[in-house]
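Heads up: the structure comes next, in structure tokens.
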């Protein structure tokens with residue numbers, strides 16, 4: 001698989017990643033790859049991020065930070081009720097949706113150019 005970035009530029013709006021890769025395995029062969037979308041304000045910043053995340057150890061470190069951040073955010077309050085689905089919606093999905101909506105709104109209001117890695 002070729003190691004390259006598309007360097008897609010977006011001004012405002014809400015980005016959507018649509019990766020496409022050609023990957024062939026021989027019978028019994030195992031392999032893997034990691035897709036990491038990201039934002040940067042400049043090509044230089046995008047290149048720096050690309051090189052940082054090219055290291056699998058750095059990916060693992062940053063993923064743990066993201067997991068911990070979401071764990072703290074989604075455990076601020078919880079609801080326990082007889083209907084487990086309602087408990088899940090209120091305790092997990094509502095905070096998640098609120099944060100995702102706020103983050104996208106904030107990015108849109110910044111109206112700056114982002115480069116998708």
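Throughout, read-outs are computed from the coordinates displayed, never taken from laboratory work. In this text, all values refer to a predicted model and were calculated from it rather than measured experimentally. As a convention, Cβ positions derive from the backbone with ideal geometry for all residues, glycine included, and neighbour counts pool all protein chains shown.
Observations, loosely collected:
- The stretch between residue 55 and residue 29 holds 7.1 nm of extra length on full extension. This uses 0.36 nm per residue minus the Cα-Cα distance.
- Approximate spin-label separation residue 104-residue 20, in nm, with each point projected 7 Å along Cα-to-Cβ: 2.4 nm
- Among 50, 22, sorting on how many other beta-carbon atoms sit within 10 Å of each Cβ, with the fewest leading, yields 22, 50.
- Efficiency of FRET between residue 74 and residue 43 - r from beta-carbon atoms, R0 30 angstrom, step 0.05: 0.30
- Relative to the compact-globule estimate of 2.2 N^0.38 Å, the Cα radius of gyration of region 24-97 comes out at 1.65.
- In percent, rounded to a whole number, the relative contact order of region 34-116 is 50, using alpha-carbon pairs under 8 Å and six or more apart.
- Packing-based ranking, highest mean first, of 56-66, 24-34 given that Cβ atoms within 10 Å are counted: 56-66, 24-34
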